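Peer 1: Pasting a structure here, questions to come.
Throughout, read-outs are computed from the coordinates displayed, never taken from laboratory work. Keep in mind that what you see is a predicted model, and the values were worked out from it rather than measured. As a convention, Cβ positions derive from the backbone with ideal geometry for all residues, glycine included, and neighbour counts pool all protein chains shown.
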Amino acid sequence: MKVNLIFIIFLGLWVAPLTAQQYDQFFTTQSCRVDVHFSGNTREMNVYLEKIKQEPYWGGRVSDLTPMNVPGDFRFTVTDSATNQLIYTDGFNTLFREWQTTPEAEKVNKSFENTVVFPFPKTTVRLCIERRTGFNSWELLLAVMIRPDDALIQRTGKLKVPVKVLRKPSQPSEAVDIAIIGEGYTAGELKKFYREADRLAGYIVSHEPFKTYKSRLNFYAVGALSNETGVSKPHEGKWKNSALGAHYHTFYSPRYLTSPRHFLIRDYASAVPYDAIYILVNTDEYGGGGIYNFYALTSARGRDARAVTVHEFGHSFAGLADEYFYEGGDALDGMYPLHEEPWEPNITTLKHFEHKWLADLPEGTPVPTPLPEDSAAANPAAVPASQSTSLLGVYEGGGYKTKGIYRPTPDCRMKTNKAAEFCPVCVKAVEARIRLLTGAL
């Protein structure tokens with residue numbers, strides 16, 4: 001089902017911020033999960049409905065449900081059918097969008113699983129899924145009417161899997177709820193998974209700005225038990241019967257570790273209230289991945305585990321871009337067209353820099369900014385965190401490209417594993433997402 005229509009703004013919608021009291025007017029305490037397929041190739045994209053499910057918990061926000069500007073290559077909107085009032089919106093990314101930039105997508109069509117989740121409605125609503133066609137323009141891909149009494153909505157109840165609450169300092173409505181799902185752990189390794197999941201949670205809350213907000217971060221360990229230990233390594237000809245079907249060599253990149261079984265991942269996540277999903281893989285081989293509002297995934301015991309854990313969560317939780325690039329050649333050329341401003345908060349092509357960190361630059365900062373001659377000053381790991389804001393500028397190289405894309409500081413957690421911290425721009429983006437999800441705006 002595809003509708004060819006361009007939305008430059010929310011045409012015809014009544015847009016107003018929704019309070020917690022209005023949340024109760026439109027929504028229940030359960031979740032509405034809509035499973036779809038993103039299909040196509042480099043040039044074409046279609047979205048098809050798979051199914052709709054009612055799930056037992058809503059762990060997301062109960063206020064500020066309709067922010068006007070949402071991150072992501074895609075967004076979805078939920079409107080009340082009777083009044084045409086916008087009552088929920090959010091942004092997201094997909095594995096399909098990344099695949100579209102690969103050489104394979106020029107030759108074949110493929111389909112990828114994706115899911116959007118919002119509070120379960122009390123009355124009939126219209127769900128629209130749109131893709132970003134410019135910095136602030138959108139194209140409608142799918143429109144679906146959802147009646148809460150529809151007999152074909154699947155109401156399967158709580159999934160019965162092993163769950164351990166690792167940290168729960170706040171109620172779900174006032175916290176960021178993170179579901180850590182084990183992958184490649186057998187039933188005999190459940191305690192090992194719990195230990196390593198708790199360690200992952202510790203990595204996150206030890207890193208700013210998560211450390212500052214750790215009283216608003218809940219962590220749950222969800223045991224997705226596998227028949228075999230570990231995950232598949234196609235580049236070595238090794239395929240494992242793991243619970244989530246995760247594998248290295250995604251898009252023929254040896255270290256890119258993902259799972260294509262997104263519907264199944266959401267099934268496991270539904271065992272707890274959740275805002276974010278982190279898949280912890282039972283392996284010591286370096287690798288991982290993170291996609292905004294989709295999931296993060298990392299090796300439990302790979303090298304630089306703490307840095308990689310936080311880096312991938314920066315992608316999936318706050319929509320942060322990679323700030324690294326490849327000397328001697330650019331990669332993923334289709335990811336960030338230089339004539340457009342990327343939506344990610346921590347990179348810019350200078351096309352709409354006024355919407356990025358321009359206002360935060362120290363007075364007199366040249367744009368672009370030359371790298372400091374002092375090599376120590378070029379690496380935040382070599383200077384106190386309190387001085388890192390003095391490095392804020394507009395440094396060329398980022399988003400996989402050496403030229404035409406700029407990053408905020410010489411180094412950052414989103415650039416290298418050696419950086420001690422996020423740059424100030426990334427910190428600001430993470431804090432904004434935490435405050436949005438916890439109602440602390």
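Peer 1: Given +1 on the Cβ of Lys and Arg, -1 on the Cβ of Asp and Glu, and no further charges, what dipole in debye does segment 83-136 carry about its Cα centre, rounded to the nearest 20?
Peer 2: Once rounded to the nearest 20, the dipole reads 200 debye.
Peer 1: Where the only charges are on Cβ atoms (+1 Lys, Arg; -1 Asp, Glu), what is the dipole of segment 197-339 about its Cα centre, to the nearest 20 debye?
Peer 2: With Lys and Arg at +1 and Asp and Glu at -1, about 520 debye.
Peer 1: Given the convex hull of the Cα atoms of segment 191-271, what is a quarter of its surface area in nm²?
Peer 2: 6.7 nm²
Peer 1: Another question about this same structure. Taking the Cα centre of each part, how many Å lie between segment 243-273 and segment 131-173?
Peer 2: 17 Å
Peer 1: Going by how many other Cβ atoms sit within 10 Å of their own, how do R155, R132 line up, fewest first?
Peer 2: The most exposed by this proxy come first: R155, R132.
Peer 1: At 10 °C and a viscosity of 1.306 mPa s, what translational diffusion coefficient does Stokes-Einstein give for segment 208-338, taking Rh as the Kirkwood radius over Cα pairs? Give it in µm²/s as a whole number.
Peer 2: 100 µm²/s
Peer 1: Let me ask you something else. To the nearest 500 deg cm²/dmol, what mean residue ellipticity at 222 nm is calculated for the chain from DSSP H runs of n ≥ 4 alone, each contributing -39,500 (n - 2.57), summed and divided by the residues?
Peer 2: Result for the chain: -4500 deg cm²/dmol, rounded to the nearest 500.
Peer 1: Just going by the charge dipole of the chain, with Lys and Arg at +1 and Asp and Glu at -1 on Cβ, which of V430, Y406, V394 is farthest out on the positive end?
Peer 2: With unit charges placed on the Cβ atoms, the residue in question is V430.
Peer 1: Here is a further query. Within straight cross-link reach of K191, meaning Cα distance under 23 Å, which lysines are found once same-chain residues fewer than 8 apart are removed?
Peer 2: The reachable lysines, counting only those whose Cα sits under 23 Å from K191, are K158, K160, K164, K168, K240.
Peer 1: Pull up all non-local amide H partners of A420: gap of 5 or more, or a different chain, and H-to-H distance under 5 Å with H placed in the peptide plane.
Peer 2: Residues meeting the criterion, in which the H sits 1.01 Å from N, are A381.
Peer 1: Can you list the residues, at least 5 places off or on another chain, whose amide H is less than 5 Å from the amide H of L166, using H built in the peptide plane?
Peer 2: The answer is F219, Y220, A221.
Peer 1: Give me the aspartates and glutamates in straight-line cross-link reach of K418: C-alpha distance below 14 Å, same-chain residues under 8 apart excluded.
Peer 2: Cross-link targets: D304, E323.
Peer 1: Where does the longest stretch of the chain lie that holds no GluC sites (Glu not before Pro) found in a DSSP loop with 10 or fewer other Cβ atoms within 10 Å?
Peer 2: 1-326
Peer 1: In whole Hz and in residue order, list the ³J(HN,Hα) couplings for segment 45-56 that follow from phi through the Karplus curve 6.51 cos²θ - 1.76 cosθ + 1.60, θ = phi - 60°; x for Gly and Pro.
Peer 2: My calculation for segment 45-56 gives 9, 10, 10, 10, 6, 9, 6, 10, 10, 9, 10, x Hz in order.
Peer 1: Still on this structure: If contacts are Cα pairs under 8 angstrom and at least 6 residues apart, what is the relative contact order of segment 163-318 in percent?
Peer 2: Answer for segment 163-318 is 26 percent.
Peer 1: Fewest Cβ neighbours within 10 Å first, please rank I153, I87 accordingly.
Peer 2: I153, I87
Peer 1: Could you run the Karplus curve 6.51 cos²θ - 1.76 cosθ + 1.60 with θ = phi - 60° over segment 160-177 and give me ³J(HN,Hα) per residue in whole Hz, x for Gly and Pro?
Peer 2: Calculated HN-Hα couplings, in order: 8, 9, x, 9, 10, 7, 8, 8, 8, x, 9, 5, x, 5, 10, 9, 8, 9 Hz.
Peer 1: Within the chain, which whole H helices from DSSP have a Cα span along their axis of at least 20 Å and a mean Kyte-Doolittle hydropathy of 0.0 or more, if any?
Peer 2: 424-438
Peer 1: Still on this structure, please answer the following. How high is the relative contact order of the chain, in percent, with contacts defined as C-alpha pairs under 8 Å that are six or more residues apart?
Peer 2: 14 percent
Peer 1: Right, here's the next one. Scan around T348 for amide H atoms under 5 Å from its own, H built in the peptide plane at 1.01 Å from N, and keep only partners 5 or more places away or cross-chain.
Peer 2: Sorted by chain and number, the residues that satisfy this are Y406.
Peer 1: State the label only: which of [x] 0.95; [y] 1.14; [z] 1.31 corresponds to Cα Rg over 2.2 N^0.38 Å computed from the shown model?
Peer 2: Looking at Cα Rg over 2.2 N^0.38 Å for this model, the match is [x].
Peer 1: Okay, moving on. Under a point-charge model restricted to the Cβ atoms of Lys and Arg (+1) and Asp and Glu (-1), what is the dipole moment magnitude of the chain relative to its Cα centre, in debye to the nearest 20?
Peer 2: 1300 debye
Peer 1: How large is ³J(HN,Hα), in whole Hz, for each residue of segment 347-352 in order, when computed from phi with the Karplus curve 6.51 cos²θ - 1.76 cosθ + 1.60 and θ = phi - 60°, using x for Gly and Pro?
Peer 2: Once rounded to whole Hz, the list reads 9, 8, 9, 6, 6, 9.
Peer 1: To continue, here is another question. Give the cysteines in the chain for which no other Cys Cβ lies under 4.7 Å away, or write none if there are none.
Peer 2: C32, C128, C426
Peer 1: Can you pull the three principal axis extents for the Cα set of segment 63-155, in Å, largest first?
Peer 2: The Cα atoms of segment 63-155 stretch 45, 32, 19 Å along the principal axes, largest first.
Peer 1: Report the far tail of the P(r) of segment 276-357, meaning the percent of Cα-Cα pairs longer than 18 Å.
Peer 2: Tail of the P(r) past 18 Å holds 51 percent of the pairs.
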